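To start, the structure itself, in structure tokens.
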Amino acid sequence: MDYKVIIYTQQTCPPCFAEKEWLKSNNIAFEERDIRQNPGYMDEVIKLGASATPVTLIETEGKKEVVMGFQEEELKKILSV
């Protein structure tokens, strides 16, 4: 399945680090968007309805799914890991 993974993070976020390591260990390519480095990314997170990081946006076959926080089981289900 083709998918695009975007993870919204910030440097002081232990769950963000844990999720990035999990994605790497499962060979899942992702784009990291640090909300502290780019105010536009913070706006995107707010539009997704989030108030904390990590926020993961997964686009698959025209469908978008948002995962709030590092939810390994949810990510496994969506990404077929």
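Could you tell me whether any residue of segment 26-39 is in contact (Cβ under 8 Å) with a residue 40 or more places away in the chain and not in a strand (DSSP E or B)?
To start, the set of residues in segment 26-39 that are in contact (Cβ under 8 Å) with a residue 40 or more places away in the chain comprises 26, 28.
Add one more test, that the residue is not in a strand (DSSP E or B), and what stays is 26, 28.
Yes, that holds for at least one residue.
Pull up segment 56-74, narrow it to residues that are over 13 Å from Ile6 (Cβ atoms) and in contact with a strand residue (DSSP E or B) (Cβ under 9 Å, 6 or more places away or on another chain), then point me to the one that is surrounded by the fewest Cβ atoms within 10 Å (Cβ to Cβ). Full working, then the answer.
So in segment 56-74, the residues over 13 Å from Ile6 (Cβ atoms) come out as 61-63, 68-74.
Among the residues that remain, those that are also in contact with a strand residue (DSSP E or B) (Cβ under 9 Å, 6 or more places away or on another chain) are: 61, 68-71, 74.
Values: Glu61: 7, Met68: 16, Gly69: 14, Phe70: 22, Gln71: 15, Glu74: 15.
That would be Glu61.
For segment 40-63, indicate whether the set of residues that are aliphatic (A, V, I, L, M), within 14 Å of Pro15 (Cα to Cα) and touching an Asp or Glu at 6+ places or on another chain (Cβ under 6 Å) is non-empty.
So far as segment 40-63 goes, no, none of its residues is aliphatic (A, V, I, L, M), within 14 Å of Pro15 (Cα to Cα) and touching an Asp or Glu at 6+ places or on another chain (Cβ under 6 Å).
Kindly indicate which of Thr9, Thr60, Thr56 is among the polar types (S, T, N, Q) and either at pLDDT below 95 or in contact with a Gly (Cβ under 6 Å, 6 or more places away or on another chain) (or both).
Residue meeting the stated conditions: Thr60.
The values are calculated or read from the model by the stated rules, or taken from the named source; none is laboratory data. The model shown is predicted, which means the values in this text are computed figures rather than measured ones. Virtual Cβ from ideal backbone geometry, glycine too; neighbours counted across all protein chains shown.
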